[in-house]
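Chemist: The structure follows.
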Amino acid sequence: REVVREVAGRAGAARVIEGSVAGTSRRVTLTARLSATTGPDVFARAVVEGATDSLPQLLDRLAAQLLVQSAGLNGAQFASLTRESPPAIRAFLEGRAAFRQGRMDQAAQLLVEATVLDSTFALAGLHLARAAGWAGRWTDRERGYAIATAGREQLGPADRALLDAHLADRTRVADPIGRWNAVVTAFPERPEAWYGLGQAHYLWGTLAGEARPL
């Protein structure tokens, strides 16, 4: 391992993938670990198993697991994302990062790319709708909502709640602040839920009679 890290470091790489292949002439197991070239940090571990004549698909699944884990995603989002192709996942994760940094137009463009690579990518559609709305890209926003709604069953409980809250906002359903408070209460670990609640106070707090909506 030290030799691998030394070579990777000389090549200017910040991370290195180590792996192994085991199996028979019919079935194979691939394992991989993504870690830092310096220090003990391991960012992701992945294992896939399948028929040897499906090796390209197995490699895609392995890469997908490493990408999603290294982004810190788990649970329902992990299961949803690892079904996608690595290029679509990469575009989604880069778009998600751009959104969180306030680069809305770039985020929308990257999320458009993710949904072009896979037109059924529901999670990318949901994030596209949010980013495109802030960037004023209304056609992309509607396309994002359509993709997310069509693939609603692919989404985990938190993302379905976010989608429902956003759709309710668009149709002017009463009590947006209460609606977003419910989402935050159910899923306090999701930044998108807090973002939606902040936006609800910003847009409707004064109308709701709040003395200090901001």
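Chemist: What are the principal axis extents of the Cα atoms in the chain, in Å, biggest first?
Modeler: Principal-axis extents of the Cα atoms in the chain, largest first: 67, 36, 30 Å.
Chemist: Run the numbers on region 27-69 and let me know its relative contact order in percent, using alpha-carbon pairs under 8 Å that are six or more apart. Write down the numbers at each step before the final one.
Modeler: On the way: 59 pairs, mean separation 17.4, N = 43.
Reported as a whole number, the value is 40 percent.
Chemist: At what distance in nm do the modelled label points of Ser25 and Asp53 sit from each other, each positioned 7 Å from its Cα along Cα→Cβ?
Modeler: 1.4 nm
Chemist: Still on this structure, please answer the following. Give me the extension gain from Glu142 to Asp41: residue separation times 0.36 nm, minus the current Cα-Cα distance, reported in nm with one decimal. Could you put the intermediate results ahead of the total?
Modeler: On the way: separation 101, 0.36 × 101 = 36.36 nm, distance 4.08 nm.
Separation in residues times 0.36 nm, less the Cα-Cα distance, equals 32.3 nm.
Chemist: Sticking with this one: Just the number, please: carbon plus sulfur as a percent of the accessible area of the chain, 1.4 Å probe, no ligands or DNA/RNA counted. Don't skip to the answer; put the middle values down first.
Modeler: Working: 6410 of 11490 Å².
That fraction is 56 percent.
Chemist: May I ask you to derive the relative contact order of the chain, considering only C-alpha pairs under 8 Å and at least 6 residues apart, and to give it as an integer percent?
Modeler: Values: 304 pairs, mean separation 20.4, N = 214.
That works out to 10 percent.
Chemist: In a Gaussian network model over the chain where Cα atoms closer than 10 Å are linked, find which of Leu117, Leu55, Leu81 has the largest mean-square fluctuation.
Modeler: Leu55
Chemist: First obtain the Kirkwood hydrodynamic radius of region 25-143 from its Cα pairs, then insert it into the Stokes-Einstein equation at 10 °C and 1.306 mPa s, and state the resulting D in µm² per second as a whole number.
Modeler: Here the translational diffusion coefficient equals 104 µm²/s.
Chemist: Same structure, new question: Past the 13 angstrom mark, what percentage of all C-alpha to C-alpha distances in region 24-94 do you count? Show your work: numbers first, answer last.
Modeler: On the way: 1616 of 2485 pairs.
Roughly 65 percent, once rounded to a whole number.
Chemist: Which value at 222 nm does the chain reach when only helices count, each DSSP H run of 4 or more adding -39,500 (n - 2.57), with the total divided by all residues and rounded to the nearest 500 deg cm²/dmol? Before the final figure, lay out the partial values.
Modeler: Numbers: 10 runs with 127 residues, N = 214.
Result for the chain: -18500 deg cm²/dmol, rounded to the nearest 500.
Chemist: If I model a spin label at Ala11 and Leu203 as a point 7 Å from the Cα along the Cα→Cβ vector, what separation in nanometres do I get?
Modeler: Here the answer is 4.7 nm between the modelled labels.
Chemist: Once each part is reduced to its C-alpha centroid, what is the distance from region 164-214 to region 28-71 in angstrom?
Modeler: If we compute the Cα centre of each part, the gap is 38 Å.
The values are calculated or read from the model by the stated rules, or taken from the named source; none is laboratory data. Just so it is clear, the structure is predicted and the values come from calculations on it, not from any experiment. Positions of Cβ are generated from backbone atoms using ideal geometry, with glycine treated the same way; all protein chains shown enter the neighbour counts. Ligands, DNA and RNA are stripped out before the accessible areas are found, and what is left, the full protein with its side chains, is counted by its heavy atoms. Shrake-Rupley method; radii C 1.70, N 1.55, O 1.52, S 1.80 Å.
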